[in-house]
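The values are calculated or read from the model by the stated rules, or taken from the named source; none is laboratory data. Given the structure is predicted, the values throughout are model-derived calculations rather than measurements. In this analysis, Cβ positions are derived from the backbone assuming ideal geometry, glycine residues included, and neighbour counts consider all displayed protein chains.
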Amino acid sequence: MTNRELIYKKLLELNDNKGIDAQTLASMVGMTRSNVSYELNALVKEGKVCKSSGRPVLFFIPDRGNNSNKESKLDQMKKKNMSLTQAIEQMKAAILYPPKGIPSLLLGDTGVGKSMFASLMYEYSVEMGVRAANSPFIVFNCADYSNNPQLLTSQLFGVKKGAYTGAESDRVGLIERANGGVLLLDEVHRLPPEGQEMLFTFMDTGSFRRIGDFEDRKSDVLIICATTEDPGSSLLKTFMRRIPMMIKIPSLKERSLEERLYLIKSFFKQESVKLNREIYVSLNTMRALLSYDCPHNIGQLKNDIQLICAKAYSEFLTNIKSDIRINSASLPHYIKEGLYKEKEHRVLWNQLVGEEIEYFKFTASRELNEEVIGSSGNSIYAMIDQKLENLKSQGIANIAIENILENDTVRYFDNHISGVSEDLNKKNLMSIIDKDIFDCIDKVVYYLSSTLKRHFNNNLYTALALHINTLIKRVLSNKSITNPELKKIMKLYPEEFAAAIGAKEIIEKHIRHSIADDEAGFLTIFLLPEEEINNKSRDKVKVVLIAHGEATASSMANVANKLLGENYVVGINAPIEVSLSDVLDAFRRYVAENTSSEGYLVLVDMGSLTTFGEIIEKEFNVSVKVIPLVSTLHVLVAARKALLGFSLDNIYKEVLQVNSYFNRDFASNFQ
């Protein structure tokens, strides 16, 4: 039984809805507090455990009664929006905390969706049986009455007749009207001090008084507050101290590209349903929407898409267009600027799948599924062709284009090889590759295996076969191709490149057609692994990859391991919501459980992660080298050298050489 399973089992045995802190639980299971805290937070992310935001932090298993097997709307949202995992688990904990939930404060910028999340919390409370189906959900924006503090307070708590001039009758407040349900107080920091104190008293006791009244009244209301104020603001000090559950809603910038793509598709889908017509959206429009600055978050993104659709619908009605079709040329200038954001462009190929897509078609059906118009499948050639055309059309200089294509090419191979299914065996391949070409592929693989003295596992064989098949069809169509990484590949991997040249000659002989050396450069990338390594039992340098994000490190490590044919590189993820001390603890545990007399090479992306090496060196008395700003190519070079038994210093210098080669090639273009 793992530590996580043991801790979860103990929580089940305790069956304490009030919760337990990490220190107490640690003493019960005989582990350190840091280890227990790490596993508890992992269980929270998995949705098995909830936690409070007060001090001390309490962990508990929610009682879901008869609804335990039912997937809620919050759960459905979490599947498509992984950056919301912690926020959603906190929301669920706030609703399920006995007896009828605890007050929450939603923190986030304008447009992140605080009101929507409050509504989902209400729906979740109904789904889980905490609130009745007909219970009220009331939204009140305190900013609407900020210029009249007395009126604002009276709106919330009600007024007794004669309390002040103009109070000619008793008036029920929102807290009374929301009895049995949920009350959202938006921009709650606008509540005056006297109103704040009355609110906190109500949250503590469930009792309140109308303005001018001496009679205590009761109301069963779950209070959800929301604010755009910074948590460190003096306006929020009292709220931060008095409200037990703080829930941070991430901005659009803090959410992944996959999530933004899902939101864009969802909003186009909604517009298609409203219009009851198909909407065609060009690839460049999708790129622009993925990349443009959207300071007002999801609210602005949704409004912008509505305006784009409205303009296209107007053109359709006036017969300017035969259907509702949206192209990048018709986009507002500030959205179109997203096309020129190179950083986002280098990632887009991973998200939009097909490289020759022309349009996405959204229909009015219930499911969120768009058709892709004009896609011819995944191909390095199609990617380079279309990328080159788009970059040239934007007037980008040739040197910049070369560097962008270079990064895209490496990323393409990372995704291509990691995405090949192990189930796609020879029988499956023969159904999609001509027998004549398949015979050539077998000859090439046999030659490479003999020359490099290594075995090709199923993943690598399949990836090679698919690539060679595309290569042959490309060459026979007389389509030339340029490999932006050729110089670097020739310098870094002369042995593998020489083998690739030999493979190229076999293909040339088979198809009776000459092939450029650029193709050999692409083949070389597939040949970087070396599995026949002597002295496997001797201690080797450990390669550890640590990077910010939910799965950045583990994904890069997985790609490298698949290329190497060995599960050697270890990835430690550093999600935004997890503290650096917890990430460091995870690294400590790895070092404690995986000792190495040869030392550790730590590859990180940026920031404070670069300091981990010095800390581990002092605590464990081991050698550690840290390299920041790494790519998959760095990881491959490091792991390959480590597996071959090279020293830590040698590997460190070799990995740094990757950068020097790149910088040298880059500089030579200006000479």
Any residue in region 528-552 that's at pLDDT below 50: show its pairings with residues that are of a type in the set (D, E, K, R) and not in a loop (DSSP other than H, G, I, E, B) at Cβ separation under 7 Å, as long as the two are six or more apart or on different chains.
Glu530/Arg640
Considering Val626, Val570, Val578, Val591, which residue is under 24 Å from the mean Cα position of the chain (by Cα) and either over 28 Å from Ile249 (Cβ atoms) or of a type in the set (S, T, N, Q) (or both)?
Val570
Test set (1) in a helix (DSSP H, G or I); (2) assigned by TED's automatic domain parsing to the domain that holds Tyr164 - Glu229 fails condition number
(1)
Residue in region 234-259 that is surrounded by the fewest Cβ atoms within 10 Å (Cβ to Cβ), counting only those that are of a type in the set (S, T, N, Q) and modelled with pLDDT under 90:
Ser234
Just checking, how many residues over region 615-626 are surrounded by fewer than 20 Cβ atoms within 10 Å (Cβ to Cβ) and touching a residue at least 12 places away in the same chain (Cβ under 8 Å)?
5
Within region 559-576, can you find the residues that are surrounded by fewer than 17 Cβ atoms within 10 Å (Cβ to Cβ) and farther than 16 Å from Ala642 by Cα?
Ile576
If you take the residues of region 132-188 that are among the aromatic types (Phe, Trp, Tyr) and within 34 Å of the chain's Cα centre (by Cα), which of them is farthest from Gly206 (Cα to Cα)?
Phe140
The one condition Asn319 fails out of (1) in a loop (DSSP other than H, G, I, E, B); (2) at pLDDT below 85; (3) under 22 Å from the mean Cα position of the chain (by Cα) is (3)
Can you tell me which residues in region 209-226 are under 20 Å from Gly180 (Cβ atoms) and aliphatic (A, V, I, L, M)?
Val221, Leu222, Ile223, Ile224
Residues located in region 155-197, provided they are among the hydrophobic types (A, V, I, L, M, F, W, C) and closer than 13 Å to Lys218 by Cα
Phe157, Val172, Leu174, Ile175, Ala178
Out of all the residues in region 506-515, is one or more in contact with a Lys or Arg (Cβ under 6 Å, 6 or more places away or on another chain) and outside any helix (DSSP H, G or I)?
yes
Of the residues in region 253-312, those that are within 22 Å of Met116 (Cα to Cα), touching a helix residue (DSSP H, G or I) at 6+ places or on another chain (Cβ under 9 Å), of a type in the set (S, T, N, Q) and assigned to a helix (DSSP H, G or I) number 4
For Lys161: the one exception among (1) touching a Leu at 6+ places or on another chain (Cβ under 6 Å); (2) basic (Lys, Arg); (3) more than 30 Å from Glu550 (Cβ to Cβ)
(1)
